[in-house]
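One structure below.
The values are calculated or read from the model by the stated rules, or taken from the named source; none is laboratory data. Not measured: the values here are computed from a predicted model. Neighbour counts run over all protein chains shown; Cβ positions are idealised from the backbone, glycine included. These area figures cover heavy atoms from the full protein model, side chains too; ligands, DNA and RNA do not enter into them. Shrake-Rupley method; radii C 1.70, N 1.55, O 1.52, S 1.80 Å.
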Amino acid sequence: QVQLVESGGGLVQAGDSLRLSCAASGRTFSSYAMGWFRQAPGKEREFVAAISSSGGRTYYADSVKGRFTISRDNAKNTVYLQMNSLKPEDTAVYYCAVKTRAGRSDFLTQYDYWGQGTQVTVSS
């Protein structure tokens, strides 16, 4: 019912900023909460941020709180992740996903639809 395409990744220096975008298809986009996850080589995919269907509530992993901001524009069927003060440990492939189940937003199993990912590399 939905397809997701991430964009905006790249190679940056520590302290720089990037804004990731996730374009979603489907008329029902506004009915679902959305999340951002990331996966570094050799590590499990981890929760980064989530946003409610209306955009009124947001949630962040402790590792990114205060630096990253998740937002959405339902009219454009797009979710964003503004990343400031990037650190080398932020290097990963970043994925957006649709939350289709009730439960904790930081659980991978709550999300059924995933984008292809976009690479973020932060050098020191």
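Couple of notes before you dig in:
- Positions within segment 1-28 being over 17 Å from VAL64 (Cα atoms), open to solvent by less than 20 Å² (accessible area, probe 1.4 Å) and within 12 Å of the chain's Cα centre (by Cα), in sequence order: LEU4, GLU6, CYS22
- Yes/no for SER63 being within 15 Å of VAL120 (Cβ to Cβ) and outside any strand (DSSP E or B): yes
- Residues located in segment 101-122, provided they are open to solvent by less than 50 Å² (accessible area, probe 1.4 Å) and either in contact with a helix residue (DSSP H, G or I) (Cβ under 7 Å, 6 or more places away or on another chain) or of a type in the set (D, E, K, R) (or both): GLY103, VAL120, VAL122
- Residues located in segment 29-55, provided they are open to solvent by less than 60 Å² (accessible area, probe 1.4 Å) and part of a loop (DSSP other than H, G, I, E, B): ALA40, SER52, SER53, GLY55
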